Every structure is written in structure tokens, then in C-alpha cells.
1. Out of the residues in region 30-64 that are open to solvent by 10 Å² or more (accessible area, probe 1.4 Å) and small (G, A, S), which is nearest to A8 (Cα to Cα)?
2. So, in region 228-259, exactly how many residues are part of a helix (DSSP H, G or I) and over 19 Å from the mean Cα position of the chain (by Cα)?
3. Among E212, E168, E192, E163, which is the only one that is surrounded by fewer than 21 Cβ atoms within 10 Å (Cβ to Cβ) and more than 30 Å from S226 (Cα to Cα)?
4. Condition test on R86, is it part of a helix (DSSP H, G or I), of a type in the set (K, R), modelled with pLDDT under 95 and surrounded by fewer than 19 Cβ atoms within 10 Å (Cβ to Cβ)?
5. Do we find that K217 is out of contact with any Lys or Arg (no Cβ under 6 Å at 6 or more places or on another chain), modelled with pLDDT of 95 or more and not in a loop (DSSP other than H, G, I, E, B) in this structure?
6. Within the set of pairs 6+ apart or on separate chains, which have a first residue in region 71-91 that is touching a residue at least 24 places away in the same chain (Cβ under 8 Å) and of a type outside the set (F, W, Y), a second that is open to solvent by 40 Å² or more (accessible area, probe 1.4 Å) and in a helix (DSSP H, G or I), and C-beta atoms under 7 Å apart?
7. So I182 ticks every box in (1) open to solvent by less than 20 Å² (accessible area, probe 1.4 Å); (2) over 19 Å from the mean Cα position of the chain (by Cα) but one. Which box is left unticked?
8. Out of all the residues in region 93-111, which are open to solvent by 10 Å² or more (accessible area, probe 1.4 Å), more than 12 Å from A32 (Cα to Cα), assigned to a helix (DSSP H, G or I) and not acidic (D, E)?
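The values are calculated or read from the model by the stated rules, or taken from the named source; none is laboratory data. Keep in mind that this is a model prediction, so the values were computed, not measured. Cβ coordinates were reconstructed from backbone atoms using ideal geometry, including for glycine residues, and neighbour counts include every protein chain displayed. Just the protein is used for accessible areas: all its heavy atoms, side chains included, with ligands, DNA and RNA removed. Shrake-Rupley method; radii C 1.70, N 1.55, O 1.52, S 1.80 Å.
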Amino acid sequence: MSGFPKDALRVLKETSRTFYIPITFLQKELKASVASAYLVFRAIDEIEDHEELGNDLKHSLLMQVGELFTQPFDNERYLGILGPVRERMPEVTLRLADWMEACPEAVRPRIADAAREMSEGMAKWAKAGWKIRTREDLDDYTYYVAGLVGVLLSDLWGHYAGEKTDRELAIGYGRGLQAVNILRNEKEDMDERGVRFVPDGWTRDDLFRYAEENLSKADQYMKALSTKSVILFCRLPLALAHKTLGALKDGREKMSRDEVVRTVEEVSVD
């Protein structure tokens, strides 16, 4: 990847093998755009998800970081914002400026705008203590942490490959993946963070239905794609989400390592 930090793929691989593999399917500038965008989003997510930070502090940090994306990224100011929590942050968060610099110039403003929207949305939910009361709350939360990523990726597919996709289906794709994560991590989120991303009165079956509904939109989204590398990119996370949902329904905590490897091989063969 021309212009990409030499060890960015290492950080990407360490941060998420689920997305590292499909990103390698993409070509040149599109690969650099998606990889840098993912690292930017993950940098922000690590602040939102940090177990040692209070909600008010998270809100303050995320709002300030969000504002940085409205102008050329100022790393000195960014590290100043992190201030006393800087030493507790992972490498992917500390190097946010590197990931912004790695974004190809043609799409950098679009990625910055998505990062601003994510930061502000996560800040709002941190302030609210992630108290998901209604279906609308869940839709709002899953939009900010995943749906808007689907929209950004669709814009990148359009920019580089001329793909035309439906915005609501793109959001559904992101929400579907996030809903599976919520199901998979429900006990851990409650035990470690005291958070339950489930509307009042909902059962686990209701959450399964929510995931299935959105994964169905993701399946529809796939039908509009025609560029092989983009199809391969989108197919793997979706296949893993469907199979993880199946494993959870069977009462297992997650897919086995062999199942994951087999799924990657099946998707990569095409």
C-alpha cells in the first residue's frame, strides 16, 4: 500500500483478524482507504469501550476528538486531549494521526466526516450510560457504532468501483454485524462494564430476531454488488456473522476455530 505506514497492516491484524483478511482482498487505493478508515474507527472505539474510564470522561474525550475531524488533523492537540489517559490507550488509538495521514487524499474528507459522526454519536451514548430503552434507541446506537461504517464503505465502493448501493441496506449490514456482537458479548458486557445493549422488555429471542432482520438486509445489500473484490470483502464478515448467530442459537459461545478457518477458505475460493 503506497503511502501506508509500514506496520499499519500489523496493527490492523492485531486489532481484528475478522476485517484484516477481507481488506487484503481489495485493490490498491481502495485497500488503503478501507484499512485506514478501519484503524481510525477502531482508535475511536477503544476510547468508547475502555473499561477504566468514566462515562463523563468518555463523553468529553469523544466530543473533543470529534471536533478534530472538522479540520486538518492536529496530532499535538489530539495527544493533549488524551492527556492523563494517554498511557492507558492502545497503540491503535495513540496513532490516530498516522491512520488519518494514511487515508488517500481523495476520500480523506469523507472518512474524517464519518469519524466525526461516530465520535459524537458514541459520546452521546457514553453520556447516557448506554441505557437502551427502546427499539429506536438500539437502532440509534447500532447506527453510530456500525451502520455508518456500512454507509461509508458504500461511498468508497461508489468512488472507486462505481457501485450503486442502498443506504438503508448498508446500515442494516452494519447493524446486523453489531447485533451479533451484542448477542455474543451480552454476559461479558454486563459483567465487565455493567452495560446491557438490549431494549427494556426484550428477551434474547427478540435480540435474535433483530439480528436476523438486519442480516437479511445485508443479504439484500450483497445482491447489488458486482465488483469481485468488493463482493469478497463484504461476504466474509457476513458469513461469519450468520454462522456465529447459528452457533449462539445452538447454545455455544462462538464459532470454533476450525469453523472460522473453513468459512474463510470457502469465501476466499471464489
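1. Restricting attention to region 30-64, the residues satisfying the condition of being open to solvent by 10 Å² or more (accessible area, probe 1.4 Å) are 30-31, 38, 41-42, 45-46, 49-57, 59-60, 63-64.
Filter once more, keeping what is small (G, A, S): 54, 60.
Values: G54: 29, S60: 28 Å.
Top of the filtered list is S60.
2. Within region 228-259, the subset part of a helix (DSSP H, G or I) is 228-249, 257-259.
Filter again for over 19 Å from the mean Cα position of the chain (by Cα), leaving 228-229, 246-249, 257-259.
Of the residues in that region, 9 qualify.
3. Numbers: E212 fails: more than 30 Å from S226 (Cα to Cα); E168 fails: more than 30 Å from S226 (Cα to Cα); E163 fails: more than 30 Å from S226 (Cα to Cα).
Result: E192 is the single residue among E212, E168, E192, E163 that is surrounded by fewer than 21 Cβ atoms within 10 Å (Cβ to Cβ) and more than 30 Å from S226 (Cα to Cα).
4. On the way: part of a helix (DSSP H, G or I): yes; of a type in the set (K, R): yes; modelled with pLDDT under 95: yes; surrounded by fewer than 19 Cβ atoms within 10 Å (Cβ to Cβ): yes.
Against the criterion (part of a helix (DSSP H, G or I), of a type in the set (K, R), modelled with pLDDT under 95 and surrounded by fewer than 19 Cβ atoms within 10 Å (Cβ to Cβ)), R86 qualifies.
5. Values: out of contact with any Lys or Arg (no Cβ under 6 Å at 6 or more places or on another chain): yes; modelled with pLDDT of 95 or more: yes; not in a loop (DSSP other than H, G, I, E, B): yes.
Taking the combined requirement at face value, the residue satisfies it.
6. M89/E46; P90/E46
7. Single failed check for I182: (2).
8. Once the filter is applied, which keeps residues that are open to solvent by 10 Å² or more (accessible area, probe 1.4 Å), more than 12 Å from A32 (Cα to Cα), assigned to a helix (DSSP H, G or I) and not acidic (D, E), region 93-111 yields L94, A97, P109, R110.
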